[in-house]
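The values are calculated or read from the model by the stated rules, or taken from the named source; none is laboratory data. Every value quoted in this text rests on a predicted model; they were computed, and no experiment measured them. Positions of Cβ are backbone-derived with ideal geometry, glycine not excepted, and every protein chain shown enters the neighbour counts. Each accessible area value is taken on the protein alone, full model and side chains, heavy atoms only, with ligands, DNA and RNA left out. Shrake-Rupley method; radii C 1.70, N 1.55, O 1.52, S 1.80 Å.
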Amino acid sequence: MYVGTSPGRLFAVRLPYGGDLLNSIKSFAEEAGIESAVLWVIGAVGRAEVSFYDQARKTYVKHSFNQPMEILSCTGNIAKLKGEIFVHTHIVLGDREGRAFGGHLEGGTIIFSAEMFLLELKGVSLSREYDKVTGLNLLKLPENP
Ligand code: ZN
(Lines give C-alpha, C1' and ligand atoms only; values in the text may rest on other atoms or scores of the structure.)
Protein backbone atom coordinates (compact mmCIF):
# COMPACT_ATOMS: atom_id res chain seq x y z
CA MET A 1 0.00 0.00 0.00
CA TYR A 2 1.37 3.38 -0.93
CA VAL A 3 0.54 6.73 -2.39
CA GLY A 4 2.68 9.25 -4.24
CA THR A 5 2.88 12.79 -2.91
CA SER A 6 4.75 15.97 -3.74
CA PRO A 7 6.73 18.28 -1.50
CA GLY A 8 4.86 21.41 -0.42
CA ARG A 9 6.15 24.14 1.88
CA LEU A 10 9.23 23.42 4.01
CA PHE A 11 9.13 25.14 7.39
CA ALA A 12 11.95 25.86 9.84
CA VAL A 13 10.34 26.20 13.27
CA ARG A 14 11.60 27.04 16.74
CA LEU A 15 9.14 25.47 19.15
CA PRO A 16 8.51 27.37 22.43
CA TYR A 17 10.57 26.90 25.60
CA GLY A 18 8.43 25.23 28.28
CA GLY A 19 5.85 24.03 25.78
CA ASP A 20 4.60 20.49 25.45
CA LEU A 21 6.47 19.01 22.48
CA LEU A 22 3.60 16.97 21.01
CA ASN A 23 1.02 19.76 21.47
CA SER A 24 3.38 22.40 20.09
CA ILE A 25 3.86 20.40 16.87
CA LYS A 26 0.09 19.97 16.54
CA SER A 27 -0.58 23.68 17.22
CA PHE A 28 1.96 24.70 14.60
CA ALA A 29 0.35 22.40 12.02
CA GLU A 30 -3.10 23.79 12.79
CA GLU A 31 -1.90 27.41 12.56
CA ALA A 32 -0.12 26.78 9.26
CA GLY A 33 -3.06 24.82 7.82
CA ILE A 34 -1.09 21.62 7.38
CA GLU A 35 -2.88 18.26 7.21
CA SER A 36 -0.19 15.97 5.80
CA ALA A 37 3.51 16.27 6.55
CA VAL A 38 6.76 14.64 7.61
CA LEU A 39 8.86 16.24 10.36
CA TRP A 40 12.16 16.15 12.23
CA VAL A 41 13.12 17.74 15.54
CA ILE A 42 16.39 18.08 17.45
CA GLY A 43 16.96 19.92 20.71
CA ALA A 44 16.52 19.14 24.39
CA VAL A 45 13.75 18.49 26.89
CA GLY A 46 13.36 19.12 30.62
CA ARG A 47 11.53 15.84 31.04
CA ALA A 48 9.93 13.29 28.76
CA GLU A 49 7.07 10.84 28.42
CA VAL A 50 7.32 8.07 25.86
CA SER A 51 5.59 4.76 25.37
CA PHE A 52 6.24 1.31 24.01
CA TYR A 53 3.52 -0.60 22.17
CA ASP A 54 3.03 -4.05 23.69
CA GLN A 55 2.16 -6.01 20.55
CA ALA A 56 0.68 -8.99 22.41
CA ARG A 57 -1.55 -6.93 24.72
CA LYS A 58 -2.17 -4.19 22.13
CA THR A 59 -1.67 -1.45 24.68
CA TYR A 60 0.91 1.27 25.22
CA VAL A 61 3.26 0.95 28.20
CA LYS A 62 4.43 4.38 29.41
CA HIS A 63 7.89 5.46 30.52
CA SER A 64 8.69 8.74 32.27
CA PHE A 65 12.10 10.42 32.28
CA ASN A 66 12.14 13.06 35.00
CA GLN A 67 15.41 14.68 34.00
CA PRO A 68 16.86 16.91 31.28
CA MET A 69 17.70 15.00 28.10
CA GLU A 70 18.85 15.71 24.57
CA ILE A 71 16.54 15.12 21.65
CA LEU A 72 18.99 13.05 19.59
CA SER A 73 16.38 12.31 16.99
CA CYS A 74 12.68 12.86 16.68
CA THR A 75 10.92 11.96 13.49
CA GLY A 76 7.29 11.59 12.60
CA ASN A 77 4.38 12.47 10.41
CA ILE A 78 1.09 14.30 10.39
CA ALA A 79 -2.19 12.87 9.11
CA LYS A 80 -5.86 13.14 10.04
CA LEU A 81 -7.57 10.89 12.55
CA LYS A 82 -11.36 11.18 12.91
CA GLY A 83 -11.24 14.61 11.24
CA GLU A 84 -8.55 15.97 13.62
CA ILE A 85 -4.89 16.63 12.93
CA PHE A 86 -2.89 13.78 14.46
CA VAL A 87 0.85 13.93 15.07
CA HIS A 88 2.64 10.56 15.20
CA THR A 89 6.23 10.92 16.31
CA HIS A 90 8.99 8.77 17.78
CA ILE A 91 11.86 10.17 19.79
CA VAL A 92 15.37 9.09 20.80
CA LEU A 93 16.60 10.81 23.97
CA GLY A 94 20.18 10.97 25.26
CA ASP A 95 21.23 11.34 28.91
CA ARG A 96 24.36 12.90 30.50
CA GLU A 97 26.32 9.66 30.07
CA GLY A 98 25.42 9.38 26.39
CA ARG A 99 22.95 6.58 26.83
CA ALA A 100 19.98 6.55 24.51
CA PHE A 101 16.37 5.82 25.35
CA GLY A 102 13.27 6.33 23.33
CA GLY A 103 9.83 5.43 22.18
CA HIS A 104 6.55 6.75 20.89
CA LEU A 105 6.32 10.44 21.88
CA GLU A 106 3.61 11.21 24.42
CA GLY A 107 2.17 14.41 25.88
CA GLY A 108 4.05 15.67 28.94
CA THR A 109 7.41 15.98 27.17
CA ILE A 110 8.51 19.52 27.99
CA ILE A 111 10.64 21.55 25.56
CA PHE A 112 13.93 23.14 26.63
CA SER A 113 14.81 23.82 23.02
CA ALA A 114 13.38 22.33 19.85
CA GLU A 115 14.26 23.03 16.24
CA MET A 116 11.84 21.47 13.83
CA PHE A 117 11.90 21.13 10.08
CA LEU A 118 8.54 20.19 8.67
CA LEU A 119 7.81 19.30 5.07
CA GLU A 120 4.22 19.64 3.97
CA LEU A 121 2.97 16.93 1.60
CA LYS A 122 0.88 17.97 -1.37
CA GLY A 123 -1.38 15.98 -3.68
CA VAL A 124 -2.61 13.77 -0.86
CA SER A 125 -4.70 14.01 2.30
CA LEU A 126 -3.25 11.43 4.67
CA SER A 127 -5.61 9.92 7.20
CA ARG A 128 -5.55 7.08 9.70
CA GLU A 129 -7.94 4.22 10.32
CA TYR A 130 -8.14 1.48 12.91
CA ASP A 131 -6.32 -1.72 11.94
CA LYS A 132 -7.68 -4.86 13.61
CA VAL A 133 -4.50 -6.93 13.15
CA THR A 134 -2.20 -4.52 14.99
CA GLY A 135 -4.74 -2.62 17.10
CA LEU A 136 -3.21 0.63 15.80
CA ASN A 137 -4.58 3.55 13.82
CA LEU A 138 -2.52 3.12 10.67
CA LEU A 139 -2.24 5.25 7.54
CA LYS A 140 -5.16 4.65 5.22
CA LEU A 141 -3.61 4.05 1.82
CA PRO A 142 -4.89 2.60 -1.44
CA GLU A 143 -4.45 -1.10 -2.26
CA ASN A 144 -2.06 -0.98 -5.18
CA PRO A 145 -2.22 -3.66 -7.89
ZN1 ZN B 1 4.29 5.26 17.44
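Residue pairs whose Cβ atoms lie under 8 Å apart, separated by 6 or more positions or on different chains, with the first residue in the stretch 93-115 and more than 18 Å from Asn23 (Cα to Cα) and open to solvent by 60 Å² or more (accessible area, probe 1.4 Å) and the second in a loop (DSSP other than H, G, I, E, B) and away from the ligand (no atom under 16 Å from the Cβ), are Phe101/Asp95. Of all the listed residues (Val3, Val38, Val50, Val13), the sole one being within 16 Å of the ligand (Cβ to nearest atom) and over 19 Å from Glu106 (Cβ atoms) is Val38.
Okay, residues lined up against (1) assigned to a loop (DSSP other than H, G, I, E, B); (2) among the charged types (D, E, K, R); (3) within 16 Å of the chain's Cα centre (by Cα):
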residue: Ser64; (1), (2), (3): no, no, no
residue: Ser73; (1), (2), (3): no, no, yes
residue: Phe86; (1), (2), (3): no, no, yes
residue: Gly98; (1), (2), (3): yes, no, no
residue: Glu115; (1), (2), (3): no, yes, yes
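Yes/no per residue for (1) within 16 Å of the ligand (Cβ to nearest atom); (2) touching a Leu at 6+ places or on another chain (Cβ under 9 Å):
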| position | (1), (2) |
| --- | --- |
| Ile78 | yes, yes |
| Glu84 | no, no |
| Thr89 | yes, yes |
| Gly94 | no, yes |
| Leu105 | yes, yes |
| Phe112 | no, no |
| Glu129 | yes, yes |
